[in-house]
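Derivation of every value follows stated rules applied to the coordinates shown; laboratory data play no part. What you see is a predicted model, and the numbers here were worked out from it, not measured in a lab. All Cβ positions, glycine included, derive from the backbone under ideal geometry; neighbour counts span all protein chains shown.
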Amino acid sequence: MAPGFQPRGDRPRGGATLKDLKGATTVWRLFRYVFRHYKVRIGIVLLCILVTSVTSLASSLFTRTLIDDYITPMLSRPTGLFAGVGAGPDYGPLALALVRLGAILLAGIVAGYLSNFLMIQVGQGTMRKLREDLFRHMQDLPLRYFDNHAHGDIMSVYTNDVDTLRQVIGSSIPNLVKSLATIIATFLSMVVLSLPLTLVSIVMAWLMFKTTTSLGKLSKKYFVERQRNLGLVNGFIEEMVTGQKVVKVYCHEDEAVAAFEKLNEQLRSSVDNANKIGNIIMPVNSNISNFAYVLLAVVGAVLAMGASGTLGVGSAAGWTAWYLGGLNGAMLTLGTLVSFLTLQRNFTRPVTQISNEINSIVMASAGTDRLYALLDEAIEPDAGVVTLVNAAPSPAPNVGDDLVEVPQRTGLWAWKTPSGALKRLEGLVSLSDVDFGYVPGKQVLYDINLTAYPGQKIAFVGGTGAGKTTITNLINRFYEIQDGRITYDGFDVASIAKESLRRSLGMVLQETHLFSGTVLDNIRYGRLDATDEECRAAARLVCADPFIRRLPNGYDTVLSADGGNLSQGERQLLAIARAAVADPPVLILDEATSSIDTRTERLIQQGMDSLMKGRTTFVIAHRLSTVRNADYIMVLDHGRIIERGKHWELLEQRGKYYELFTGNQIVG
Amino acid sequence: MLKTLLREVRQYKWPALLTPVWTTAEVVLWIFIPYVTASIIDKGINAGDLRAVLRYGGIMLILAFLSLVFGFLAGRFAAYSSTGLAANLRLAMYRNIQRFSFSDIDKFSTAGLVTRMTTDVSSIQNAFQTLLRTSFRAPLNMVSALVMCFFIHRRLSLIFLVAMLVLAIFLTVLITRVAKLFKEILQKVDALNAVVQENVSAIRVVKAFVREHHEISKFDRAALSLFTMNVRAESLMALNHPVMNLVVNGCTIALSWYGAHFIVEGSLTTGQLTSLFSYIMTVLSGLMMLSMVFVQLTQSYASAVRIVEVIDEEPDMANPDEPVTVVPDGSIDFDHVYFSYTQGGDYALEDISLHIDAGETVGVIGGTGSGKSTLAALVARLYDVSEGSVRVGGRDVRAYDMKTLRWEVAMVLQKSTLFSGTILENLRWGRPDATYEECVEACRQACADEFIREMPDGYETLIDQGGTNVSGGQRQRLCIARALLKRPKVLVLDDSTSAVDTATDARIRETFAARIPGVTRLIISQRILSIKDADRIIVMDNGRVSGFDTHENLLRTNAIYREIYEMQTSGGEGDFDGR
């Protein structure tokens, strides 16, 4: 916490809201962030605000000058009114004063616009920066984060929570500064005008500040309740509307409406309560302000009249007034009183504003809390130092290494250790005694031991939740193992830079995801520098070419966000083409063909075979055709490898594999 | 559109209508205050009459207090009626969604409906509140302040008129410009959200292909264009202040100049001049407020359209006038049925005619997109046929009361959905008054009893939202048990055991045959093992029935069936289990 932004005036009795303000640590953090990035602009803004405050003060003080220095003297010269036309009063000084005032006001306007303009850039710029920071940070978060957070929740950080900042940065900061500047400037001029009247003003301002903050505190309770009910209603809508088809099938409509009505009414009444208080603040404040005005007018009148000796009430009061008025070394003139009354308005308005801003900062902290929670989330650990590089046979083979690093793709890959040594990528993946659980205390994999030799095809089969997908997710370090060791060409996978590790592993996932863009863009996602022809070749390889050609614009057909216009099978074909164009040394296919009907699958078999040829491949499938010709089949059950071997060996064992395959339970 | 929205004000009509009344009262009182202030100065201070100061001060306090009361009432009523409207809108939408047919739900998409019921409603709530409070207050303030000015000094007031005209023209131009920009901003926001959404849901692909930098540059582009747009719109909006100040200050100077003249002439007093100064702000800020209302209304217009779409959506399926409430038996007939999901679109089903006896078990098999699920959905009248007719128990499904039909035709959907609550509560969706024993019995039939008993709290175990704390296979079995509790005449399983392992799947079929013999069963599956023992099997191909016969006959006569069979059994491909 920067000491500069910590409100220190945390007195025990007046500090309830200030304490909340201190609790809103993330808001202060946000402010620090803004100041760090926009030092110069904030500096200029502060300067501009100062100028505008002074000029607006000048304009309110002008009322006094106008009346006392210009109009009253003119009135006291009877010539203008009674001595006939022609010898009118001299308006020259007034004109000059007005021109001067105009110039000052113009400066104020320019400064005001400049500060607004800069604040827009600061506010919007901060929002943009924060969004980019959020997204950048999110890319480095472990998958665990995405597993544990609802997607809607993550999305709302970018929209709802960042939006609350617009208010805080865009208006709270400048308003606070402006209000403070106005208060100080006004206060000084009030002291200059009249000390006793200033004291009255301060008491009233303190009263307003107290009222606003304590009302704000009162409403906070209701705001918390409102947020809670809002969450409940949103949750209910989300769940029930998602399951709406089931609601229909079970004729559950009436119950659903009844339950919703109850929650809806709860929400309505808590919103209403929260607003009730919020709505009182403004009228109460303006009333206090009016009261202060009258009080000042009365006190001021007493002082002014006492001073001019035309008092009709009593000499004691007149004497007091004269004394007090004299304290300032000047009589309280009519013009002074009028100016003071105007100043009074200038004084109370920023007080209300400050207390309102404090309230809104406390409210906004809910948004900044969530935003910083995401930004503070720990990123994926990556201490890897071994990197993946393109390699070519060394032109001078007699030197120690037989490979040299080259910038372009050669189809030959090598691992580069920090010392600069190159080691050919073979595709030897080995797991030894690996234990793993997604959540502590709930182990899902036990003592996994297996070795995939270069070029081998390893298949995983087993029931739901047996741990097939989990194993592949450990090889590419989507999740970190708890115990044991995974090595890749002899390197511990933890010592390989994550980016290199994942670039060396081509994955086709169970659920296909397409991105909005053309078909070609989606295939090219596998390798961004692939040419159009390379993408087409990949599509032909996996038999995706015929259906793509049938699309309205062929390869240039724009797919909607989630590939809605393609069938599940067609989407899987595109995902396979994507992996093919990536041309990775090692492949992981997780139910890659599950939605492709058996007839099409037969067609693409050849393409799949040529894709897998020469590459170490891990395959998860529940179709026999995909599994049968694997070099090794691992049968998983409840997180353990219970059988392993070739297809016919496993059939002969008459164990779980046989059971899964035939659908018959083994008796005994 | 406006009519639909206003109709939902309902029980909050009077508070809503009274708000402007309170506002009017507040404004009128408020307007008198500067006038009284002038009296304090002129009749009190200038005249050296402390009694007058006290008298007018007292009047001012009373006025201020009354205006507080009315201001409070106005705020209170506005908040009350706008939150009420929001609640009514949510309820109206939710009620209508309950009437939606499956195709209506498809049309709006779940995510779309959720945003409409949350974000869009609060945008309307805010707009309505502003409308109630400000749209009356601002012009009223303006007009009454203007009247007061005329009352004080007619010729000086002309300055105000000129100022208002200038400001009004400026604001109109500004608003039309800004409104256009706001529309573009909304599109940019959508684009940004799309990038985030795609990224979050496809995060595994992003990470697997190491495309983080690619995604970041995509996002940065979206963020930049949103930023540029926002800065443009806000900078334009920010012109408001300098122009406003220019006009106000211009007025101040003009007032000072002419005011001085008039005071010297004697047609104006100093007190009146100070009142005029404070009226400048009232008049012009009223105009400003009004322009803000317009901006907010244009912003919430899109939300209003989206809400009304849901409320006014006429479900494309309605109960018949004289609905039949008894389904005599579980026989099913398709009579030259054609069906398309979109009007005039390609047929998903073409010329389907078949008859299924009551109590018969029928398997449905076929490739992806061949129309299996569509066929089943028509039996429970989840969609209406485009041509031809579907009959259950000998009567057209459109003649039945929809609830009766769906009660008798139990449909287990492809996507198994459970709701947050205990297992028992979820099961009782099937029959609200089912006893504990009946629920257990249904779970036994669906082979769910054993795993439920293994859970720490058994049948009282809490299911998380979306049923994420039970596995896919367990979820499917719970859904089957829930459907069995309906004691239906027809049971439709739409690929409902895909995640259940083959052995359990076989056991479920066995218990069905033994325990619920009279129920017509329609079993859709990708797995040949799940359906090969059915009485008869429908082979779907490209929206048509390619064969409908027993397993043995189909093997002989139907090429598609034979091919699937060969691929999935020993000679070719087999299924090990579901995912």
In whole angstrom, largest first, the equivalent ellipsoid semi-axes that the Cα gyration tensor gives for the protein assembly as shown are 74, 37, 26
Taking alpha-carbon centroids only, the stretch B:199-231 lies from the stretch A:466-517 a number of Å equal to 22
Once both label points are put 7 Å beyond Cα along the C-beta direction, the B:Arg10-A:Cys251 separation in nm becomes 2.5
For the stretch A:124-134, in residue order, the Karplus 3J(HN,Hα) values (coefficients 6.51, -1.76, 1.60; θ = phi - 60°; whole Hz; Gly and Pro = x) are 5, x, 5, 4, 5, 4, 5, 4, 5, 4, 4
The stretch B:106-177 and the stretch B:16-59 have their Cα centres apart by a whole-number Å value of 26
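Just how large is the dipole of the protein assembly as shown about the Cα centre, in debye to the nearest 20, putting +1 at every Lys and Arg Cβ and -1 at every Asp and Glu Cβ? Could the numbers behind the result be given before it?
Numbers: 122 positive and 122 negative charges, 1059 e Å.
Using only the charged Cβ atoms, the result is roughly 5080 debye.
Under 8 Å for C-alpha pairs, at least 6 residues apart: give me the relative contact order for the stretch B:302-405, rounded to a whole percent. Walk me through the numbers before you get to the answer.
Values: 154 pairs, mean separation 38.3, N = 104.
Reported as a whole number, the value is 37 percent.
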For chain B, longest principal axis from Cα atoms; helix B:154-201 axis from its Cα atoms; angle between them, nearest 10 degrees, is 20
Sorted by chain and then number, the residues having a modelled amide H within less than 5 Å of the amide H of B:Gly421, at least 5 places away or on another chain, are B:Ile463
HN-Hα couplings for the stretch B:327-339 via Karplus (6.51, -1.76, 1.60; θ = phi - 60°), in whole Hz with x for Gly/Pro, come out as 9, x, 8, x, 7, 10, 10, 10, 10, 6, 8, 10, 8
The helix B:13-39 Cα axis meets the longest alpha-carbon principal axis of chain B at an angle in degrees, between 0 and 90 and rounded to 10, of 20
So the FRET efficiency between A:Val99 and B:Leu66, C-beta based with R0 = 45 Å and rounded to 0.05, is 0.60
The alpha-carbon pair-distance distribution computed for the stretch A:358-442, with 5 angstrom bins and whole-percent values, is 3, 10, 11, 12, 10, 9, 8, 9, 7, 7, 5, 4, 2, 1, 0, 0
Using alpha-carbon positions, the gyration tensor of the stretch B:433-499 gives root eigenvalues a ≥ b ≥ c; with a/c under 1.5 called rounded, otherwise prolate if a/b exceeds b/c, else oblate, the class is oblate
With only helices counted (DSSP H, runs n ≥ 4, each -39500 (n - 2.57)), the per-residue ellipticity at 222 nm for the protein assembly as shown, to the nearest 500, works out to -20000 deg cm²/dmol
Under the 7 Å Cα-to-Cβ spin-label approximation, B:Arg221 and B:Ser285 lie apart by a distance in nanometres of 4.7
Quick shape check on the stretch B:116-174: root eigenvalues a ≥ b ≥ c of the Cα gyration tensor, a/c under 1.5 is rounded, otherwise prolate if a/b tops b/c, else oblate, and it reads oblate
Of the candidates A:Asn264, B:Thr422, B:Ser144, the farthest towards the positive dipole end of the protein assembly as shown (Lys/Arg Cβ +1, Asp/Glu Cβ -1, centred on the Cα centre) is B:Ser144
The stretch B:1-115: spread of alpha-carbon positions along the three principal axes, whole Å, largest first, is 82, 23, 18
When the charge dipole of the protein assembly as shown is computed with +1 on Lys and Arg Cβ and -1 on Asp and Glu Cβ about the Cα centre, the Cα farthest towards its positive end, among A:Ile109, A:Thr368, A:Ala575, belongs to A:Ile109
Rounded to whole Å, √(5λ) for the Cα gyration tensor eigenvalues of chain B, largest first, gives 72, 26, 22
Distance in nm between A:Thr159 and B:Glu322 label points, each 7 Å along Cα→Cβ, equals 4.9
Listed by chain and number, the residues whose amide H is under 5 Å from that of B:Arg395, excluding neighbours fewer than 5 places away on the same chain and using placed H, are none
Residue-ordered couplings for the stretch B:431-447, obtained by feeding phi - 60° into the Karplus form 6.51 cos²θ - 1.76 cosθ + 1.60 and rounding to whole Hz (Gly and Pro as x), are 8, x, 9, 5, 6, 4, 4, 5, 5, 4, 4, 4, 5, 4, 4, 8, 6
Residues whose modelled amide H sits under 5 Å from the amide H of A:Lys457, counting only those 5 or more places away in sequence or on another chain, are A:Thr617, A:Asp631, A:Tyr632
In the structure shown, of A:Lys457/A:Lys646; A:Lys129/A:Lys220; A:Lys129/A:Lys178; A:Lys442/B:Lys207; B:Lys372/B:Lys532, the pairs separated by more than 20 angstrom at the C-alpha atoms are A:Lys129/A:Lys220; A:Lys129/A:Lys178; A:Lys442/B:Lys207
Stretched fully, the stretch from A:Ile202 through A:His638 gains (0.36 nm per residue minus C-alpha distance, one decimal, in nm) 149.5 nm
With R₀ set to 45 angstrom, the calculated FRET efficiency between the beta-carbons of B:Arg515 and A:Asp382, to the nearest 0.05, is 0.20
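So what is the orientation-averaged projected area of the stretch B:2-312, using the convex hull of its C-alpha atoms, in nm²?
Details: hull surface 83.8 nm².
Projected over every direction and averaged, the Cα hull of the stretch B:2-312 covers 20.9 nm².
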With a Förster distance of 25 angstrom and the Cβ-Cβ distance between A:Asp609 and A:Glu652, calculated FRET efficiency to the nearest 0.05 equals 0.45
For B:Phe219, B:Phe65, ascending order of other Cβ atoms within 10 Å (fewest first) is B:Phe65, B:Phe219
Nearest 10, in degrees from 0 to 90: the angle of helix B:121-152 to the longest Cα principal axis of chain B is 10
When the charge dipole of the stretch B:2-312 is computed with +1 at the Cβ of Lys and Arg and -1 at the Cβ of Asp and Glu, the Cα pointing farthest to the positive end, of B:Ser285, B:Val200, B:Leu61, is that of B:Val200
Given unit charges at Cβ for Lys, Arg (+) and Asp, Glu (-), the dipole magnitude of the stretch B:323-422 about its Cα centre in debye, nearest 20, is 460
